[in-house]
1. Working only within the range A:174-189, note down all residues that are open to solvent by 10 Å² or more (accessible area, probe 1.4 Å) and not in a loop (DSSP other than H, G, I, E, B).
2. Residue D:167 fails exactly one of the following numbered conditions: (1) farther than 26 Å from residue D:283 by Cβ; (2) in contact with a strand residue (DSSP E or B) (Cβ under 6 Å, 6 or more places away or on another chain); (3) not basic (Lys, Arg). What is the number of that condition?
3. Is it true that residue D:260 is under 23 Å from residue D:46 (Cα atoms) and either open to solvent by 10 Å² or more (accessible area, probe 1.4 Å) or in a loop (DSSP other than H, G, I, E, B) (or both)?
4. Does residue A:18 qualify as being free of Cβ contacts under 8 Å to residues at least 24 places away in the same chain, polar (S, T, N, Q), open to solvent by 10 Å² or more (accessible area, probe 1.4 Å) and at the interface with another protein chain (Cβ under 8 Å from one of its Cβ atoms)?
5. crowded, with 24+ Cβ neighbours inside 10 Å, in contact (Cβ under 8 Å) with a residue 60 or more places away in the chain and either under 25 Å from residue D:25 (Cβ atoms) or not assigned by TED's automatic domain parsing to the domain that holds residue D:74 (or both): does that describe residue D:204?
6. State whether the residues of the range B:123-138 include one that is more than 22 Å from residue C:232 (Cβ to Cβ), free of Cβ contacts under 8 Å to residues at least 40 places away in the same chain, open to solvent by 10 Å² or more (accessible area, probe 1.4 Å) and not hydrophobic (A, V, I, L, M, F, W, C).
7. Of all residues in the range B:98-115, which are in contact (Cβ under 8 Å) with a residue 40 or more places away in the chain and in a strand (DSSP E or B)?
8. Do we find that residue B:151 is at negative phi, open to solvent by less than 30 Å² (accessible area, probe 1.4 Å) and of a type in the set (Phe, Trp, Tyr) in this structure?
Number of protein chains: 4
Amino acid sequence: MIRFNNDYNQGAHPAILSALQQTNQTSYAGYGEDEWCEAARKEIRKYLGETDNEIYFMIGGTQVNYTVITAALRPYQSVISADCGHINNHEAGSIEHTGHKVLIVPAENGKLTAKSIADEAAKYYEHGEAEYLTQPKMVFLSSPSEFGTTYKKEELMEIRKVCDKYGMYMYVDGARMGYWLTSDECDVTLADLADLADLFYIGGTKCGALLGEALVIINPKLRDHFKTYMKQSGGVLAKGWLLGLQFYELFKDGLYFEITKKANKFAMMMKAAFEKAGMSFYIESGTNQQFVILTKAQVEKLAEKFVFEFSHDVDENHVCVRFCTSWSTTEEDINILVDELNTMI
Amino acid sequence: MIRFNNDYNQGAHPAILSALQQTNQTSYAGYGEDEWCEAARKEIRKYLGETDNEIYFMIGGTQVNYTVITAALRPYQSVISADCGHINNHEAGSIEHTGHKVLIVPAENGKLTAKSIADEAAKYYEHGEAEYLTQPKMVFLSSPSEFGTTYKKEELMEIRKVCDKYGMYMYVDGARMGYWLTSDECDVTLADLADLADLFYIGGTKCGALLGEALVIINPKLRDHFKTYMKQSGGVLAKGWLLGLQFYELFKDGLYFEITKKANKFAMMMKAAFEKAGMSFYIESGTNQQFVILTKAQVEKLAEKFVFEFSHDVDENHVCVRFCTSWSTTEEDINILVDELNTMI
Amino acid sequence: MIRFNNDYNQGAHPAILSALQQTNQTSYAGYGEDEWCEAARKEIRKYLGETDNEIYFMIGGTQVNYTVITAALRPYQSVISADCGHINNHEAGSIEHTGHKVLIVPAENGKLTAKSIADEAAKYYEHGEAEYLTQPKMVFLSSPSEFGTTYKKEELMEIRKVCDKYGMYMYVDGARMGYWLTSDECDVTLADLADLADLFYIGGTKCGALLGEALVIINPKLRDHFKTYMKQSGGVLAKGWLLGLQFYELFKDGLYFEITKKANKFAMMMKAAFEKAGMSFYIESGTNQQFVILTKAQVEKLAEKFVFEFSHDVDENHVCVRFCTSWSTTEEDINILVDELNTMI
Amino acid sequence: MIRFNNDYNQGAHPAILSALQQTNQTSYAGYGEDEWCEAARKEIRKYLGETDNEIYFMIGGTQVNYTVITAALRPYQSVISADCGHINNHEAGSIEHTGHKVLIVPAENGKLTAKSIADEAAKYYEHGEAEYLTQPKMVFLSSPSEFGTTYKKEELMEIRKVCDKYGMYMYVDGARMGYWLTSDECDVTLADLADLADLFYIGGTKCGALLGEALVIINPKLRDHFKTYMKQSGGVLAKGWLLGLQFYELFKDGLYFEITKKANKFAMMMKAAFEKAGMSFYIESGTNQQFVILTKAQVEKLAEKFVFEFSHDVDENHVCVRFCTSWSTTEEDINILVDELNTMI
């Protein structure tokens, strides 16, 4: 069985394992106060333009999301998210668990729009800061979104304007950042993000690392005692250098971009093959996640050789499923899938 | 510089790295639903006697502690801890952050006693379940304690009786479990713990793993939706097999016990050398952490070659410092320290 | 200016003030452990049929709502509410502040339906108790709703079935309970509610008391340490007899029903006059709140003599406003309004 | 039976009931946006000197305490309290329920001292803002304390210095403020408090009102969105004018001070009689609460005619009990007690 179900089904890029091996018998300071974290920060900062920033290495995306939100918001403040946002559907209520309301806005193409954000914010801000509503103070974006779609620079700039108008923070969940930045449709760089967002994270877990996410905080207000928030939220790894080392490997020679770009290429091959086989897509995605609409017979056939993920029912005879390439997908894997799809034309 | 400052300053036992290497290109199901987690559970269960149990692999100790406490307690319930307990001093208020009071009891020898627990519990239970106090519902024990001391089986049995009397859960934080179970003074086994405690965790991070803790839940009441609590608390690793695989390696042939036993042996060599050099101890410890009282001159001298940790001031001229061996300490390291101490006699 | 803006703009029914006066120099036990609370419980129970129950007197509705939800739900559980529900819009995020997600369902006629509840619950329960979603465990109903509409017995029975199917609690916010039970359209009694709901509250603040709500808990599971939850949530009044005394006065001879029935009668007179003047309603309400659609000119004219509440914009030229009668509305007040409306025909 | 068990066992001063009666049929704006609240603020401000401030009327002390602490602290911050502090013992863990640790310091004479506060704060601030401890950010004082003792101006000034040194807020719980300010030993005024504290509350419930506390916020940083915090915490009374009206009555002609002064006088008469009867005190109190040490026989005898409160066991034969006068204690009541005590000489 070949796994196309997600982008975190194999260990790590060999360069990372090799680095772990080489450093395994060296002693380091704990809790991220080591030289690898510092080296990784330097490599990442090469991509961040002129902005002043702080970079923290954390363990997983859910944890980054609720820690960031806890640290940024006061108890009367809330966060705006698309209805399909990860914090709304896949994190077991962890944002509310820390005391904050998630204001849910219907997604368009898996994404928020400047207009939908402005409309939601206006309910509060354009009614005299309505005393008994929560104050929307952060906008939560994912790019790629849960459906593989991405934001254009223009869209982010429009959203930034709305955030500025109402004093809201703009936060980008980049669990799949690499697949965004290397997709053909992308006109955004990390330096742009550093310019536009208050904070964002660069995903490691889904982009070649064993585990780990690099959180970049631009807005100085959001840095206050952040390490303590991390500790309180279970996000400080005792052997913190393990995270720094991985990001160092991923960023020092652009490996992060190389391996995600390849995954995107394979995704496009897969996409073309689905299309050729007459299958349609639930949503048009230019990144490593493809949401295909299949008949139940097609699902059954493909499930003989491949693992993929059920997304949702479309109608009585059709379902939407996710096929996902990753940094670990091989050309061989993708060829087998394409061949199989060719038999289904 | 040789690090004796803690037991988490090197990567992992080579067997673990080797296992990661061998499985690196195999695809696995995510979130701990994989065969390595299952295999690790089987190996660990060999030590757990007849008790029915569930085992969860989590990322770090702080996270295990607050997730367990959140899942076990209702909002009006609290947890009894020694004043030197990890949850009281080293977790940035994470227990209170989840809404629960920590009832603090002065430690004796770094530990709680059945009597001190009973006295604290009585304030509530012997006054008609005093309506405006929180209800003590869990007892938090660490063994080894923050000062390296450990509980005897007899002590645990007495504590169990108090817990039974008042319907309180007994929870053992075993971040350094291996150093306890293999110390000369230990008369407790994992099977005993499974008999006595409601839940406990077996530390990986400080006992040879890159990261990871194995939580064993005995009391069925405490298992309800535990995976969801883990997710909500940021404790589910996407590549969960990485944790299972490490515990499998540590437990399949007793490696866990072998490497911690060796660290204890080195600690006893270190202890003897301190004593020979006329230095005294803040507390008598039979495990890998030794708390020595040094003059400032002695500190300065030792700091030239070794990294160790400041614990607290003793008087104007003396401080208490921690020297810690670990699974990664080498015979060479310990000999250099012993030699150095011998020059200070 | 005559106030029709809400149903809590005057002190209390004279019988209540008189009772306060008569008992003012008597000493009572504190925190609700007094004879008036007990007497009030007895009077209320005469309406509750055969069900076993506990009754608690609390201070205000927001407080009742979040205390009930905190006490009933575990951290991974959530509550289903209509989008226009009080807990979603008017309580400043107090439910999320206690750690729980509010699952929002579009209202029909200001209300939830059995079908909309079932659909929302199915997302979790019909997908293998989806591990990373919160578990919907309570249904929050308001009757009268925020728009004055009420549930029929048949509707409540259907909702009860859905709750039973999934093991969810049914909770009815009865801030305006009196206006419901005495409306012409009502086919529900307090005894029916005691049969159908797990818990509900009988509003005092908006129905003739200075302050206070009577919470009736039917489901024994939800009573555990409830008084401690109340204390923790700031809901125990030191001079608790003040609440008991008021409910005693309201219930001993049916005063509660008499005064709310009169308010409904006045509301129907008002409604008829609006209709006669050619004005239409945003929603059809049979209770004391009427949501009328007015032109801006009409608003201006009515605002010269009456205080009423803006609800929302309808279109460029029309707004929806709330006119509200209450236990304290006089026949004279209503006649002045009717006369004014008659001039606008 | 005559109640000396607490100072909240009777309704309200007659002037308050009379004011309620007179305004009962007037309509008011809700939620504290009415003229009585504003009038009460004016009266209170006459005592507050030149300081700029905001005044909020809330329902009860527990609620004020947790709302203030929630609003003032960030998730990583904690509050220092005496071990006998109300927030530590009598509020069912409500502070921790909002996510904050209470740092407990042993009381001296029921009070904190500048030194004990400084020592506790130093654990954090003098160790490089220890990353994994919570940051002490507020000092919680009660005056009168739980044992009736009070702070001298000099003591408050010393505490203020410590607060300034570490940037901590000074908060005074004045549930029994009147009994403090009118005691013979008091050298503090409300204007002094306004100078020294960041915020404090003036208790109504225990000083002549039916219910209600007046929170005075001096520090502008602590006012941000405070009304929303109040709503979220269940602390906004719908008929807010009821609170304003009561404080207006209490403050307009100094009634607040007159009635509490009389209670103190009675307490001193009671105290003298206990002393004359050879009974000793657990603690020396100059306010309305007296903690007497009695033999069990004495308890039994006094309990025939009087209600008083058990405080704690002293030894096998003695207990400490609280006798409490209040604004509602009559000369007749106190004479009966004194006569009874005279028979016990």
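1. A:181
2. If we test residue D:167 against (1) farther than 26 Å from residue D:283 by Cβ; (2) in contact with a strand residue (DSSP E or B) (Cβ under 6 Å, 6 or more places away or on another chain); (3) not basic (Lys, Arg), just (2) comes out false.
3. Judged against the criteria, residue D:260 is not a match.
4. So residue A:18 fails the test.
5. Against the criterion (crowded, with 24+ Cβ neighbours inside 10 Å, in contact (Cβ under 8 Å) with a residue 60 or more places away in the chain and either under 25 Å from residue D:25 (Cβ atoms) or not assigned by TED's automatic domain parsing to the domain that holds residue D:74 (or both)), residue D:204 does not qualify.
6. Initial filter on the range B:123-138 (more than 22 Å from residue C:232 (Cβ to Cβ)): none.
No, because not a single residue in the range B:123-138 is more than 22 Å from residue C:232 (Cβ to Cβ), free of Cβ contacts under 8 Å to residues at least 40 places away in the same chain, open to solvent by 10 Å² or more (accessible area, probe 1.4 Å) and not hydrophobic (A, V, I, L, M, F, W, C).
7. Matches in the range B:98-115: B:111 only.
8. Spelling it out, residue B:151 is indeed at negative phi, open to solvent by less than 30 Å² (accessible area, probe 1.4 Å) and of a type in the set (Phe, Trp, Tyr).
The values are calculated or read from the model by the stated rules, or taken from the named source; none is laboratory data. None of the values given here were measured: they were computed from a predicted structure. Heads up, the Cβs are rebuilt from the backbone with ideal geometry, glycines too, and the neighbour counts pull from every protein chain shown. Quick note on the areas: whole protein, heavy atoms, side chains included, nothing else; ligands and nucleic acids left out. Shrake-Rupley method; radii C 1.70, N 1.55, O 1.52, S 1.80 Å.
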